[in-house]
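The structure appears below as structure tokens.
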Amino acid sequence: QKEVEQNSGPLSVPEGAIASLNCTYSDRGSQSFFWYRQYSGKSPELIMSIYSNGDKEDGRFTAQLNKASQYVSLLIRDSQPSDSATYLCAVAQPGGYQKVTFGTGTKLQVIP
Amino acid sequence: EAGVTQFPSHSVIEKGQTVTLRCDPISGHDNLYWYRRVMGKEIKFLLHFVKESKQDESGMPNNRFLAERTGGTYSTLKVQPAELEDSGVYFCASSRRTSGRQTYEQYFGPGTRLTVT
């Protein structure tokens with residue numbers, strides 16, 4: 001079992017729709033979770049961080065965390081073609097360590 | 001505020017040669033990380049510096065890789081001698097000083113694409 005699992009996609013949504021990206025992780029003790037966006041040939045860009053169960057909203061982005069289910073998701077409202085990219089889920093080791101484990105990413109395509 | 005910078009952006013070397021990658025973190029960030037993405041695979045952790053000290057080097061593939069961060073500012077990652085499987089994109093990231101048990105947000109540089117032929 002991979003430490004951080006994501007559906008590779010591509011996930012295609014029409015412009016203006018809600019895109020839902022999911023991620024599961026294996027270490028039940030993990031405390032810190034991150035979503036990065038990566039355009040082709042570019043570096044990962046931090047979008048959201050979440051540390052507590054529940055929802056965290058920032059503009060059109062909402063991160064959701066459920067530690068009991070070991071599940072973290074990212075919702076993108078009013079999806080735009082410029083949101084088309086690969087979204088990486090990253091999970092930090094428990095215990096305050098700074099080592100972060102990445103998933104392989106989900107490719108999102110927003111269709112105009 | 002300037003972001004994380006890396007040099008060079010692209011390097012092509014022959015098997016057996018030496019290459020040194022450089023990373024300049026965001027000013028004031030004590031934590032510096034190296035990651036690598038091999039084609040088709042996920043981004044993988046290599047090592048973590050806190051200031052000039054290696055905090056975690058569990059991801060370093062073998063002793064052909066040497067990372068340094070003299071003075072706690074910029075860092076270098078040397079590969080000597082390079083092998084074909086070392087090809088990939090090497091990312092550097094930095095984060096601010098940590099406290100407690102929280103893992104702080106890491107900001108990535110543009111990466112160095114290394115091609116070993």
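The values are calculated or read from the model by the stated rules, or taken from the named source; none is laboratory data. Bear in mind that the values here come from a model prediction, so they are computed numbers and not experimental data. Methodologically, a virtual Cβ is constructed for each residue, glycine included, from the backbone with ideal geometry; neighbour enumeration extends over all protein chains shown. The accessibility values were calculated without ligands, DNA or RNA, using every heavy atom of the protein model including side chains. Shrake-Rupley method; radii C 1.70, N 1.55, O 1.52, S 1.80 Å.
A few comments on the model shown:
- The accessible surface of chain B, taken with every protein chain in place and a 1.4 Å probe, is 47 percent carbon and sulfur.
- Among A:ALA63, A:GLN109, A:CYS89 - extreme Cα towards positive end, dipole of chain A, charges at beta-carbon: A:CYS89
- Rg followed by Dmax, in Å, when the protein assembly as shown is reduced to its Cα trace: 17.7, 51
- Computed packing ranks the peptides A:71-79, B:104-112, B:14-22 as B:104-112, A:71-79, B:14-22, most packed first, by mean other Cβ atoms within 10 Å.
- Total charge dipole magnitude, region B:1-44, about the Cα centre, Cβ charges on Lys, Arg, Asp, Glu only, Debye to nearest 20: 320
- Interface B:A - total buried accessible surface [probe 1.4 Å, Å², rounded to 100]: 1900
- Convex hull volume of region A:17-59 per residue (C-alpha atoms, cubic angstrom): 119
- Using the alpha carbons alone, the radius of gyration of chain B stands to its Kirkwood radius in an Rg to Rh ratio of 0.96.
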